[in-house]
Amino acid sequence: MTIKNHYTWGFTSIAMIFFAGQFFINQNSNQSSPSSSKTLFITQTKSTEQPQQSAVSPSQALSEPTSTNQQTKDKVYFIEQLDQATQITSLHQRAPLIKMLLAQWAKQDIQAVLSWLEQQPESHELGEYYSPIIQYYMQLDAYDAGELILTLPNFDAIPSIISHYVDYLVKIDVDSALAWVEDITEPFARQNATLQLLNTWARISPQDAILFLTENSQLEEHTRSAAMTTIANTLSRQSHDDTVTLLHQYPDDIQPKLAYSVISHWPITEADNAIDWIYTLDGALKDEAIHSYIDYFGVSEQPEISFNLSTNIANTELKSRLLHRVLIQWHQTEPNIATQELLSNVNLSDSEKQQLLAYVKQTFDKPNTPMTR
């Protein structure tokens with residue numbers, strides 16, 4: 001072998017050793033690299049792909065069942081606490097504690113709370129515990145809550161429970177509220193529930209309530225009248241000017257109540273405009289508007305105006321009552337002027353004048369005549 005071949009072989013051997021070593025290093029690197037890469041990926045995935053917890057409303061959160069084990073533990077805990085609470089002899093100490101425990105438990109398991117209540121001895125105190133639980137329950141399931149109320153004994157708290165429930169239900173489902181009220185078997189409770197329904201309905205949708213009353217003339221007069229009053233007050237408060245303008249377009253039986261309500265919501269600084277409007281009315285509308293004016297604006301500021309308005313009332317009983325009221329008030333401050341105005345009034349007959357004078361004299365002959373507004 002020549003010197004040239006010798007050097008060539010040497011360099012070749014060195015190169016082979018170098019590449020062999022590099023191959024060995026790469027192999028070791030390849031064995032550890034996938035592991036490192038995979039670990040990094042998982043770490044990144046956990047930090048970037050971790051699901052976010054979405055916000056939920058209290059009702060959603062409370063309606064989601066907890067684990068069976070947790071429910072069992074909670075049930076045992078609350079029953080033990082409630083058993084201890086029921087042993088407290090003082091009602092003032094016992095009742096707030098029981099209500100607090102039931103409220104806490106209801107947020108975790110409303111059905112368990114209702115089951116516990118059902119197992120307790122019937123008493124009016126028990127009705128007080130049902131009341132806040134049902135108010136909470138109806139926000140979770142209004143219809144099931146309604147079915148439960150219909151099965152409850154006649155607790156002292158039942159009228160309040162029914163009132164709260166009807167007020168709540170009519171705001172979300174009027175038709176269901178109407179149907180539910182009809183299912184109440186006790187007549188007095190059904191009447192009160194109907195009135196509560198109509199009053200709430202009148203406040204949120206007076207026009208619809210008027211239509212219902214118009215189509216259901218069989219309603220008891222007291223309930224109907226009270227609902228009409230609420231409707232009238234709502235319309236007068238929400239749209240006073242429109243009610244003044246459109247008074248005669250409403251059903252006949254609500255017009256007198258609207259006339260009264262319109263005056264009672266009239267700006268007190270615009271009394272003259274109210275009087276002008278009153279004199280545009282006739283019959284029962286005018287009577288109720290005058291009645292409202294005297295109730296609302298009073299007598300002491302302008303007794304002559306109140307007196308003259310009273311003499312224009314068509315209803316004999318109302319006219320007599322308001323004239324007595326106005327004259328007694330007026331005589332306490334200006335007796336001579338009041339008597340002169342009475343005797344010179346052209347709207348009153350001589351017999352009416354003499355009767356009023358006799359009434360005033362008799363009243364002031366009594367000692368300690370009370371002041372009136």
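The values are calculated or read from the model by the stated rules, or taken from the named source; none is laboratory data. This is a predicted model, so every value here is computed, not measured. Quick reminder, even Gly has a Cβ in these numbers, built from the backbone with ideal geometry, and neighbours come from all protein chains shown. Just so you know, the surface numbers come from the protein's heavy atoms only, side chains and all, with ligands and any DNA or RNA stripped out. Shrake-Rupley method; radii C 1.70, N 1.55, O 1.52, S 1.80 Å.
Residues in the range 151-185 that are within 18 Å of S131 (Cα to Cα), open to solvent by 80 Å² or more (accessible area, probe 1.4 Å) and charged (D, E, K, R): D156 only. Does the range 291-311 include one or more residues that are over 36 Å from the mean Cα position of the chain (by Cα) and acidic (D, E)? Scanning the range 291-311, I find at least one residue that is over 36 Å from the mean Cα position of the chain (by Cα) and acidic (D, E), so the answer is yes. With respect to (1) part of a helix (DSSP H, G or I); (2) at pLDDT below 95; (3) closer than 16 Å to I305 by Cα; (4) aliphatic (A, V, I, L, M), the lone exception for V346 is condition (1). Among the residues of the range 186-221, those that are hydroxyl-bearing (S, T, Y) and either surrounded by fewer than 16 Cβ atoms within 10 Å (Cβ to Cβ) or assigned to a loop (DSSP other than H, G, I, E, B) (or both) comprise S205, T214, S217.
Condition check for G298 on (1) over 27 Å from S205 (Cα atoms); (2) small (G, A, S); (3) modelled with pLDDT of 90 or more: one failure, at (3). Contact map, the range 237-249: first residue in contact (Cβ under 8 Å) with a residue 24 or more places away in the chain, second residue outside any helix (DSSP H, G or I) and open to solvent by less than 30 Å² (accessible area, probe 1.4 Å), Cβ cut-off under 6 Å, separation 6 or more or different chains; the map is empty.
Residue check: is M100 under 27 Å from L169 (Cα atoms), surrounded by fewer than 14 Cβ atoms within 10 Å (Cβ to Cβ) and aliphatic (A, V, I, L, M)? First the steps, then the outcome.
Numbers: under 27 Å from L169 (Cα atoms): yes; surrounded by fewer than 14 Cβ atoms within 10 Å (Cβ to Cβ): yes; aliphatic (A, V, I, L, M): yes.
Yes, satisfied.
Count of the range 308-327 residues, restricted to those that are over 19 Å from A259 (Cα atoms) and crowded, with 20+ Cβ neighbours inside 10 Å, is 3.
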